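Input: a single structure, listed below in structure tokens.
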């Protein structure tokens, strides 16, 4: 299937974001980058890219776009496509503890110490998560992260501007889009009803991990 110039541009944007930031763009970000008036146009072109085999999408997952083949150093390839049923085995399963709650709103304390463990398919996440947190609030709504979702967290203290992070501010935990500027650090919501959080120099701030996918329990 031949791709239009717009679809090739979207594919290049997805490839660049995954290679540079480790996460694909959201549909909202694609729409903004291409000058679309809304996400429906982005959805249309993503559907065509999926039918053409240029991308794979995971239903119900925010930023659930995968590239079947991503070029890495020295020309090697790494397969990010969801495995077929015939390839799935016990190695594809993750046993992830639910360590607490994370605010998609104002920061709340994390209920660390839960004994709950969830068994999930490894292909739902990228990069591989170390644990799950339960979302409270809807400040990340426009990136598809909703109240009650279980989000995968890849434990790391390093993150780049533009990535969705799990951050600790004075011993409280929140999930937000990280924005690093010359003047400081901002944690941005993805819902216009919420205000950004400006991290002041006197606050105890740390990156706890990167958002790497979600599962949505039955309502």
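Kindly establish whether residue 124 is at pLDDT 90 or above, within 18 Å of the chain's Cα centre (by Cα) and outside the structural domain of residue 20 (by TED's automatic domain parsing). Explain how you work it out, then say what you get.
Values: at pLDDT 90 or above: no; within 18 Å of the chain's Cα centre (by Cα): yes; outside the structural domain of residue 20 (by TED's automatic domain parsing): yes.
Spelling it out, it is not the case that residue 124 is at pLDDT 90 or above, within 18 Å of the chain's Cα centre (by Cα) and outside the structural domain of residue 20 (by TED's automatic domain parsing).
Pairing each residue of segment 197-210 that is surrounded by fewer than 12 Cβ atoms within 10 Å (Cβ to Cβ) with any residue that is in a loop (DSSP other than H, G, I, E, B), provided the two are 6+ apart or on different chains, yields C-beta distances under 6 Å for 204/170.
Is there a residue being part of a loop (DSSP other than H, G, I, E, B) and touching a strand residue (DSSP E or B) at 6+ places or on another chain (Cβ under 8 Å) anywhere in segment 31-41? Within segment 31-41, none of the residues are part of a loop (DSSP other than H, G, I, E, B) and touching a strand residue (DSSP E or B) at 6+ places or on another chain (Cβ under 8 Å).
Mind listing whichever residues of segment 191-213 are modelled with pLDDT under 90 and touching a helix residue (DSSP H, G or I) at 6+ places or on another chain (Cβ under 8 Å)? 213, the sole residue that qualifies. The residue list 111, 115 contains one member that is more than 28 Å from residue 188 (Cα to Cα), at pLDDT below 75, part of a loop (DSSP other than H, G, I, E, B) and over 16 Å from the mean Cα position of the chain (by Cα), which is 115.
Considering only segment 43-65, I want to know if a residue exists there that is at pLDDT below 85, assigned to a helix (DSSP H, G or I) and over 16 Å from residue 12 (Cβ atoms). Spell out how you get there, then give the answer.
Pass one, segment 43-65, residues at pLDDT below 85: 57-64.
Next, from what is left, pick out any that are assigned to a helix (DSSP H, G or I): none.
No: segment 43-65 contains no residue that is at pLDDT below 85, assigned to a helix (DSSP H, G or I) and over 16 Å from residue 12 (Cβ atoms).
The values are calculated or read from the model by the stated rules, or taken from the named source; none is laboratory data. Note that this is a predicted model, so its numbers are computed, not measured. Glycine gets a Cβ as well: all are built from the backbone with ideal geometry, and neighbour counts include every protein chain shown.
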